[in-house]
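Have a look at the structure below before the remarks.
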Amino acid sequence: MSCDFLALAQPGVQKLSPYVPGKPVDELARELGLDPAGIVKLASNENPLGPSDKVLAAIRAELDELTRYPDGNGFTLKTALAARYGVDAAQVTLGNGSNDILELVARAYLAPGLNAVFSDYAFAVYPIATQAVGAQGKIVPAKDYAHDLQAMLAAIDDNTRVVFIANPNNPTGTWFGPDALEAFLAQVPESVLVVLDEAYIEYAEGDELPDGLDYLARYPNLLVSRTFSKAYGLASLRVGYAISSPAIADVLNRVRQPFNVNSLALAAACAALADADYLAESRRLNDAGMQQLEEGLRALGLSWIASRANFIAVDFGRDTAAINQALLREGVIVRPMAGYRMPNFLRVSIGLPRENARFLEALAKVLSA
């Protein structure tokens, strides 16, 4: 009889299910015999623009050095981020995507007997990272699919070491304003690390959302996590970062894997950070696409959760499994939400105008069948 290796794993890991990403185009093409060129993927909140020319040039310049290890300290990118945001480079922690940052926090600050607080309908990695280290996840009921920050405060106890909050939130797109964030941070015990996940912050302009970095000086227990995967269009390269107090950054660097961000990602992120035109076009395209989808959904008699991210959660008022399967047969990939305990919703990423139109046409056909 073979050994039961699942039983040997720690209890938190035994209870986990693998993270299910958005279905790749090639996988759908193989399953249904579709032409990959005709498939539209709006499932993974990716930037539809494709990489900028400046990013591609930066990557090409690094290709001759692929036999070398990357700069384990990420000096150039850390320096660029510090200059952009007016912080010290010692406050910056680099990650293999912002998911890596969340994992580092869990490894450094959570353990059996301790807990992390996060909202229902929040990013799937929060419970995964928490359970993987044997800690308890305290899930706080959402309020209108959004974070109930006062209820999250009430859930903090003597064993709480981390609170994960996202603004805007994935998968709902909901957000909270500066006053709510200020009131929340002012009441969190100083011994509890607040991880403010701002993966989609670049899609907001002006005062639409609070900038977490503005609160760092007053709240040394705050860590702001961001990514180059979304508005900067580098999802494939996996590069994210955290900005926090130097003390927290020092702790994270004690558990961070050496060379956790590769050379191509480091070079691409530096180029992307300096490409203001690309970021502005990403934001413009997203705003126009959101309007296009909202108008189309309204015409179909559907409702949705208002979003400040690059996706929209659509409410069908009934289980969406059959609708999702029908869309797949039409060559349109969106994200089912049953795994987030939102079975009546599909999450749709903002695409190019023609991709958004294709989704709306396919959805109209599916709903009229």
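Considering only residues of the range 235-265 that are in a helix (DSSP H, G or I) and open to solvent by less than 20 Å² (accessible area, probe 1.4 Å), which is nearest to residue 89 (Cα to Cα)? Checked the range 235-265; the qualifying residue nearest to residue 89 (Cα to Cα) is 249.
Has the range 84-94 got at least one residue that is surrounded by fewer than 17 Cβ atoms within 10 Å (Cβ to Cβ) and at positive phi? Checking the range 84-94: at least one residue is surrounded by fewer than 17 Cβ atoms within 10 Å (Cβ to Cβ) and at positive phi.
There is no residue in the range 56-68 that is within 30 Å of residue 346 (Cα to Cα), open to solvent by 60 Å² or more (accessible area, probe 1.4 Å) and of a type outside the set (Lys, Arg). Residues in the range 330-362 that are of a type in the set (Lys, Arg) and more than 23 Å from the chain's Cα centre (by Cα) were compared, and the one that is surrounded by the most Cβ atoms within 10 Å (Cβ to Cβ) is 358. So, of the residues in the range 141-162 that are open to solvent by less than 10 Å² (accessible area, probe 1.4 Å) and in contact with a helix residue (DSSP H, G or I) (Cβ under 9 Å, 6 or more places away or on another chain), which turns out to be nearest to residue 341 (Cα to Cα)? That would be 152. Any idea how many residues of the range 48-106 are aliphatic (A, V, I, L, M), under 28 Å from residue 162 (Cβ atoms) and either outside any helix (DSSP H, G or I) or outside the structural domain of residue 124 (by the TED database) (or both)? Looking only at that region, the number is 3. One residue is enough: does the range 318-329 have a residue meeting the conditions surrounded by 13 or more Cβ atoms within 10 Å (Cβ to Cβ) and closer than 18 Å to residue 173 by Cα? Scanning the range 318-329 turns up no residue that is surrounded by 13 or more Cβ atoms within 10 Å (Cβ to Cβ) and closer than 18 Å to residue 173 by Cα. Residue 202 satisfies every condition listed in (1) closer than 19 Å to residue 120 by Cβ; (2) in contact (Cβ under 8 Å) with a residue 24 or more places away in the chain except (1). Here the range 69-83 is the region considered, the condition is being more than 21 Å from the chain's Cα centre (by Cα) and in contact (Cβ under 8 Å) with a residue 24 or more places away in the chain, and the residue that is least open to solvent (accessible area, probe 1.4 Å) is 74. Going by the structure shown, is residue 225 under 17 Å from the mean Cα position of the chain (by Cα) and in a strand (DSSP E or B)? Here the answer is yes, as residue 225 does meet what is asked.
Against the list (1) touching a residue at least 60 places away in the same chain (Cβ under 8 Å); (2) under 24 Å from the mean Cα position of the chain (by Cα), the condition residue 367 fails is (2).
Annotation note: of 297, 266, 273, the sole residue that is farther than 30 Å from residue 109 by Cβ and at pLDDT 95 or above is 297. Residues in the range 130-174 that are more than 29 Å from residue 350 (Cα to Cα), without any contact (Cβ under 8 Å) to a residue 60 or more places away in the chain, assigned to a loop (DSSP other than H, G, I, E, B) and of a type outside the set (D, E, K, R): 156, 159.
Take residue 35 and tell me if it is over 21 Å from the mean Cα position of the chain (by Cα), modelled with pLDDT of 85 or more and either open to solvent by less than 30 Å² (accessible area, probe 1.4 Å) or farther than 22 Å from residue 262 by Cα (or both). Criteria met by residue 35.
Residues that are surrounded by 22 or more Cβ atoms within 10 Å (Cβ to Cβ), outside the structural domain of residue 74 (by the TED database) and not basic (Lys, Arg): does the range 291-308 have at least one? Yes, some residue in the range 291-308 is surrounded by 22 or more Cβ atoms within 10 Å (Cβ to Cβ), outside the structural domain of residue 74 (by the TED database) and not basic (Lys, Arg). Exactly one residue among 279, 264, 297 is farther than 25 Å from residue 85 by Cα and among the hydrophobic types (A, V, I, L, M, F, W, C), and that residue is 297.
The values are calculated or read from the model by the stated rules, or taken from the named source; none is laboratory data. Given the structure is predicted, the values throughout are model-derived calculations rather than measurements. So basically every Cβ, Gly included, is an ideal-geometry build from the backbone, and we count neighbours across all protein chains shown. Ligands, DNA and RNA are stripped out before the accessible areas are found, and what is left, the full protein with its side chains, is counted by its heavy atoms. Shrake-Rupley method; radii C 1.70, N 1.55, O 1.52, S 1.80 Å.
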